[in-house]
Amino acid sequence: FDFCQAEGKKRPSENLGQVLFGERIEPSPYRFTFNKEETCKPVCTKTYDTKKPEDKQKLDFLKKSMLLNYQHHWIVDNMPVTWCYDVEDGQRFCNPGFPIGCYITEDGRPKDACVINSEFHEKDTFYIFNHVDIKIYYHIVENGALGARLVAAKLEPKSYKHTHPDNPDCSGVPMDISNKANGEIKIAYTYSVTFHEEKKIRWASRWDYILESMPHTHIQWFSIMNSLVIVLFLSGMVAMIMLRTLHKDIARYNQMDSTEDAQEEFGWKLVHGDIFRPPRKGMLLSVFLGSGTQILIMTFVTLFFACLGFLSPANRGALMTCAVVLWVLLGTPAGYVAARFYKSFGGEKWKTNVLLTSFLCPGIVFADFFIMNLILWGEGSSAAIPFGTLVAILALWFCISVPLTFIGAYFGFKKNAIEHPVRTNQIPRQIPEQSFYTKPLPGIIMGGILPFGCIFIQLFFILNSIWSHQMYYMFGFLFLVFIILVITCSEATILLCYFHLCAEDYHWQWRSFLTSGFTAVYFLIYAIHYFFSKLQITGTASTILYFGYTMIMVLIFFLFTG
């Protein structure tokens, strides 16, 4: 964008998480000195001559951004500069960004931020917010010597058509840019800054006012209760089956003293000679299990740290950095789990197994990520990841993650295979005709519904925080939902597994993985619904990016739930 640039200041450095999320911090031309108030200080003046093609292009870009309600995000002392305004039912909403400008449509309807001022009334006109009134709130430290600390920064965007750009007075009519305007257009950028002492806010709790104005905490409790009810229902079912049915079955078994009675087996006992028959595609299943274990531990540890407050929004990019580093370090459990299962499936090709575990799922994620990056790079976006960072990620993967996976696999293969309590028969059993709900596909589709019901309200907030730049800070809720999700996935799978074993279908390995893994498909459907109902995304590149990143999340979620 063609705004005022800061001369000769160095860009602040970013951590891995910020680079991956495409957050770039630029130095600013707005200069403050503590307790020195400024009124209507000019920053710079931009002149556009619509007859020159490059000027017209810059102006059209500005207009397009105002039409799409683009936002400025400013930081002072690591605090977002917020724009607070009244919303319905007497609440104040504090937005961590403020719009570039706004548009009045051809039939005189104000769009987005144009409702704040009745002076914005010209039809088919853009109003640019070229003046900001910044209020900085500080808190004087009690023991005097340390001086003061900044506790909040708020601003009001204003629009003024400065008649004398060199000596502005910040009054008069708003700065309007008519859609059909020709000739020379001058936009002068100015700012005022005032300082206010705020005794009530402590420095440690200075983020609270932004978080409090984010609505939705009560919906959260409702969704948690909803999820807990599902969990109780499922736990009840599982407990009932375990205690009543199995107890009855086993008691009946123990009463048989003579061998003649033992011939009349029933239900799940009929398949005892086939239950540990190795699954088809055992290699792939063991690789998925390894990667899934890696992701499960990573998510658990990340959320645990987030709950303790190490990864708050004040600590920019910390969440992503933490997740990536943990994922790299958790190669060992992945290799170990994959090797153990592969060996128990009677697999021989251990080298292939190790290589697939360390390269298949990470490779898919990296390839997807790389393609998305190429698109960003082609579009000239600031969110494109520099080549150096890509090399660093590859180095983390090849030099740390892969060797750790090999070590894990070595220990996994060295241990004896998992002992099965019953021998497998030589000849596979005939599987009888199944009823509708014990067939593989309907069972798998039903299995994903319950875990998805637990998380879908949280999903809305997570997607908002990723795509609509809202802060996500409800890690306590998320941790609770995560635990509930783990329990629900396990219990739903156990239940459906019990039902189809009773129907004498002994192919349980893939089905148990896919039953809860199918939650990821519902997640994908929800993400598509969110795209069409909530986001106003236009353009092919943006759409490809949205679905590319969604596919990464879906894959990770599939491995994790499975």
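Computing FRET efficiency as 1/(1 + (r/R0)^6) for Phe547 and Ile418, where r is the C-beta to C-beta distance and R0 is 60 Å, gives about 0.90. The spacing between the stretch 1-52 and the stretch 526-554, judged by their C-alpha centroids, is 30 Å. Here the gap between Asn35 and Cys4, fully extended at 0.36 nm per residue and compared with their Cα-Cα distance, gives a gain of 8.8 nm. Measure nothing fancy, just the Cα-based angle from helix 402-414's long axis to the longest principal axis of the chain, in degrees from 0 to 90, nearest 10. Between the helix axis and the principal axis of the chain, the angle is about 10 degrees.
Report the FRET efficiency, 1/(1 + (r/R0)^6), for Lys439 and Phe233, where r is their Cβ-Cβ distance and R0 is 22 Å, rounded to 0.05.
The pair Lys439/Phe233 has a calculated efficiency of 0.40.
What the phi angles of the stretch 224-230 give under the Karplus curve with 6.51, -1.76 and 1.60, with θ = phi - 60°, is a coupling list of 5, 4, 4, 5, 5, 4, 4 Hz, glycine and proline written as x. To the nearest 0.05, what FRET efficiency results for Arg252 and Val87 with a Förster distance of 56 Å applied to their C-beta separation? It comes to 0.30.
Taking label points 7 Å from Cα along the Cα-to-Cβ direction, Ile375 and Glu156 give a separation of 4.2 nm.
Keeping every protein chain in place, order Phe21, Phe129 by accessible area at 1.4 Å, biggest value first, i.e. largest first. Walk me through the intermediate numbers first.
Details: Phe21 115, Phe129 10 Å².
Ranked list, largest accessible area first: Phe21, Phe129.
Determine the calculated [θ] at 222 nm for the chain from helices alone, applying -39500 (n - 2.57) to every DSSP H run no shorter than 4 residues and normalising by the residue count; nearest 500 deg cm²/dmol.
Details: 16 runs with 266 residues, N = 562.
The helix contribution divided over the chain gives -16000 deg cm²/dmol.
Under 20 Å from a label point set 7 Å out along the Cα-to-Cβ vector of Ala395, the amide N atoms of the stretch 322-353 belong to 322-331.
Could you please state how large a percent of the accessible area of the chain is carbon and sulfur, counting protein chains only and using a 1.4 Å probe? Percent of accessible area from carbon and sulfur atoms in the chain: 62.
Centre-to-centre separation between the Cα atoms of the stretch 289-331 and those of the stretch 449-485: 15 Å. In the chain, Cα pairs under 8 Å separated by at least six residues give a relative contact order of 15 percent. Taking 4.7 Å between C-beta atoms as the pairing limit, the chain has these partnerless cysteines: Cys307, Cys322, Cys361, Cys399, Cys454, Cys489, Cys497, Cys502.
What full-extension length gain, to one decimal in nm, is calculated for Phe532 and Leu67 as 0.36 nm per residue of separation minus the Cα-Cα distance? Let's see the in-between values first.
Numbers: separation 465, 0.36 × 465 = 167.40 nm, distance 1.90 nm.
Between Phe532 and Leu67, full extension yields an extra 165.5 nm.
Distances between placed amide hydrogens fall under 5 Å for Gly562 paired with Gly517, all partners being 5 or more residues away or on another chain. Accessible surface for the stretch 31-212, divided over its residues, is 56 Å² per residue with a 1.4 Å probe. In the list [x] 158; [y] 213; [z] 188, the label attached to volume of the Cα convex hull per residue in Å³ as derived from the coordinates here is [y].
Roughly how tilted is helix 387-396, in degrees to the nearest 10 and between 0 and 90, from the longest Cα axis of the chain? In the chain, helix 387-396 runs at an angle near 30 degrees to the longest axis.
Projecting label points 7 angstrom from Cα along Cα→Cβ for Asp60 and Phe304 puts them 5.6 nm apart. Once the chain from Val173 to His469 is taken as fully extended at 0.36 nm per residue, the excess over their C-alpha distance is 103.3 nm. With θ taken as phi - 60° and the Karplus curve 6.51 cos²θ - 1.76 cosθ + 1.60 applied, the whole-hertz 3J(HN,Hα) list for the stretch 365-370 is 4, 5, 4, 4, 4, 5 Hz, x standing for glycine and proline.
In sequence order, the stretch 526-538 has phi-based couplings of 5, 5, 5, 4, 4, 4, 7, 9, 10, 9, 9, 9, 10 Hz under the Karplus curve 6.51 cos²θ - 1.76 cosθ + 1.60, θ = phi - 60°, and Gly or Pro positions carry x. Both the radius of gyration and Dmax for the stretch 31-212 are 18.3, 61 Å, in that order, over alpha-carbon atoms. The H on the amide N of Cys44, modeled in the peptide plane, is under 5 Å from the matching H of Tyr189, each at least 5 residues off or on a different chain.
The values are calculated or read from the model by the stated rules, or taken from the named source; none is laboratory data. Keep in mind that what you see is a predicted model, and the values were worked out from it rather than measured. FYI the Cβ positions are ideal-geometry reconstructions off the backbone, even for glycines, and counts take in every protein chain you see. Ligands, DNA and RNA are excluded from the accessible area calculation, which covers all protein heavy atoms including side chains. Shrake-Rupley method; radii C 1.70, N 1.55, O 1.52, S 1.80 Å.
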